Amino acid sequence: MRKGAMAPRARRRQHAVVTGGAGFVGSHLCAALIRRAMAVTCVDDFSSGEPANIAQLAGKPGFRLVEADLVKHGALAALRDTDIDVVFLLASPASPADYLRRPIETLEVGSAGTVHALDLAQSAGARFVLASTSEVYGDPQQHPQRADYWGNVNPVGPRSVYDEAKRFAEALTAAYRRSRGANTAIARIFNTYGPRMRPRDGRMIPTFVMEALAGQPLTVAGDGSQTRSVCYVDDVIEGLVALADSTLPGPVNLGGTAELTVEQVARDVLRLTGASSGIRFVGLPEDDPQRRRPDTALAERELGWRPRTEWDAGRGRTIQWLKACDEAHNRAEAVGQAGASPAGTPAQAS
Ligand code: NAD
């Protein structure tokens, strides 16, 4: 990592703490940091993460797992007084299915959990990187969304548990920087997709793919004309690492810049899976954003970052992953073990 950003110390392997490291994005981040020859401590309570996601890292030099709930007092006690260069805060329910099922836990990790991670980073003199979200913009009235946009969030709607948890986490991060001189950064991540997404986590792409594989009509909310921008996970990881490497406080948007309608994503999934089940249009959920696309000018200018993986390239790899999950699930079901891995993920994620 670049000098000055994370205050590297002489001849010591750099050490990153990745909270939420057993999740979809976190496991890719752990793997990328290990590839950079860093020591990585993954902190996770496996509430939505999967042991299979980090199975390939166990035994790699420098990798360590701490199973802990970040919200609990003393969760990070094992890391006190260790040399740490960067703390990434990714621990949080992230899919609508998860945060609607665990609303209070979502708010707790955005508040108490964020305090614990910030305290750890500050006491170690480490850089702190918050994985925030485009959801802080709510149903945006500015398009595309610039990183200095304040957003349009319903503070008491069903999605508010996630949106406001992240907004509070951002406020905490900014306050630690302003009042305590902490070395912090905020990344606002937009819809991310790729291998290791859980097939049944309720997000748009896995839901469409699983419906197509099951021969069911794809469920599209509203008339499908609402837009999303999607970003391949490897690009998001590059952005997070570049942000950690820099001295930029953010907030900075990390997301795909091509805008796709939800119906277009559904039609692509139908075509690529060869499904003929068609589309079923249903009512829009409450507070569903109509348009989403990041303005990534800040990331391009300050981090030299831009998404590189086109939807055409990333979607095939993702469908392949989800197909493998489906096959693993069906095999387990056939031998009466379905449910042993709730997500039906292949045993060894790659
Ligand atoms: P995920 O659910 O796959 O990963 C979250 C991880 O955090 C899981 O491994 C889970 O077990 C862990 N976790 C949750 N609460 C915890 C707690 N209290 N203590 C310890 N571990 C805990 O989700 P993801 O998609 O990988 O998202 C990772 C982060 O990125 C989240 O903070 C999310 O808000 C943010 N983000 C993701 C996306 C996306 O599209 N995937 C978009 C915007 C922001």
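Restricted to segment 172-218, and to residues that are of a type in the set (S, T, Y) and buried (at least 19 other Cβ atoms within 10 Å of the Cβ), which residue is farthest from the ligand (Cβ to nearest atom)?
Residues of segment 172-218 that are of a type in the set (S, T, Y), as a first pass: 173, 176, 179, 184, 192-193, 207.
Applying the additional criterion that residues be buried (at least 19 other Cβ atoms within 10 Å of the Cβ) yields 173, 176, 184, 192-193, 207.
Values: T173: 13, Y176: 17, T184: 15, T192: 4, Y193: 7, T207: 13 Å.
Here the answer is Y176.
Considering only residues of segment 51-63 that are in contact with a helix residue (DSSP H, G or I) (Cβ under 9 Å, 6 or more places away or on another chain) and not small (G, A, S), which is nearest to the ligand (Cβ to nearest atom)?
Applying the filter and picking the extreme gives N53.
Kindly establish whether R267 is more than 30 Å from R167 (Cβ to Cβ) and in a strand (DSSP E or B).
Numbers: more than 30 Å from R167 (Cβ to Cβ): yes; in a strand (DSSP E or B): no.
When the stated conditions are applied, R267 does not pass them.
What about P307, is it modelled with pLDDT of 90 or more, surrounded by 15 or more Cβ atoms within 10 Å (Cβ to Cβ) and touching a Cys at 6+ places or on another chain (Cβ under 7 Å)? Please lay out each step first, then the result.
Values: modelled with pLDDT of 90 or more: yes; surrounded by 15 or more Cβ atoms within 10 Å (Cβ to Cβ): yes; touching a Cys at 6+ places or on another chain (Cβ under 7 Å): yes.
It is true that P307 is modelled with pLDDT of 90 or more, surrounded by 15 or more Cβ atoms within 10 Å (Cβ to Cβ) and touching a Cys at 6+ places or on another chain (Cβ under 7 Å).
May I ask you to list pairs of residues, at least six apart or on different chains, whose Cβ atoms are under 8 Å apart, with the first in segment 83-98 being in contact (Cβ under 8 Å) with a residue 24 or more places away in the chain and the second being within 6 Å of the ligand (Cβ to nearest atom) and among the acidic types (D, E)?
Every condition considered, the pairs that remain are A91/D44; A91/D45.
To keep it simple, each residue is scored yes or no on (1) buried (at least 20 other Cβ atoms within 10 Å of the Cβ); (2) within 11 Å of the ligand (Cβ to nearest atom).
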| residue | (1), (2) |
| --- | --- |
| A68 | no, yes |
| A75 | yes, yes |
| I84 | yes, no |
| L90 | yes, yes |
| A94 | yes, yes |
| Y99 | yes, yes |
| L118 | yes, no |
| A124 | yes, no |
| S134 | yes, yes |
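Those residues that are part of a loop (DSSP other than H, G, I, E, B) and more than 6 Å from the ligand (Cβ to nearest atom), I need them from segment 41-50; list them, please. Show your work before the answer.
Just the residues of segment 41-50 that are part of a loop (DSSP other than H, G, I, E, B), to begin with: 45-50.
Answer for segment 41-50, where residues must be part of a loop (DSSP other than H, G, I, E, B) and more than 6 Å from the ligand (Cβ to nearest atom): just E50.
Of the residues that sit in segment 51-84 and are among the charged types (D, E, K, R) and either assigned to a helix (DSSP H, G or I) or modelled with pLDDT under 95 (or both), which one is farthest from T41 (Cα to Cα)?
Quick first cut of segment 51-84, residues among the charged types (D, E, K, R) only: 60, 64, 67, 69, 72, 80-81, 83.
Next cut, either assigned to a helix (DSSP H, G or I) or modelled with pLDDT under 95 (or both) only: 60, 80-81.
Details: K60: 12, R80: 12, D81: 14 Å.
For segment 51-84, the residue satisfying everything is D81.
The values are calculated or read from the model by the stated rules, or taken from the named source; none is laboratory data. Because the structure is predicted, anything quoted here is derived from the model rather than measured. Heads up, the Cβs are rebuilt from the backbone with ideal geometry, glycines too, and the neighbour counts pull from every protein chain shown.
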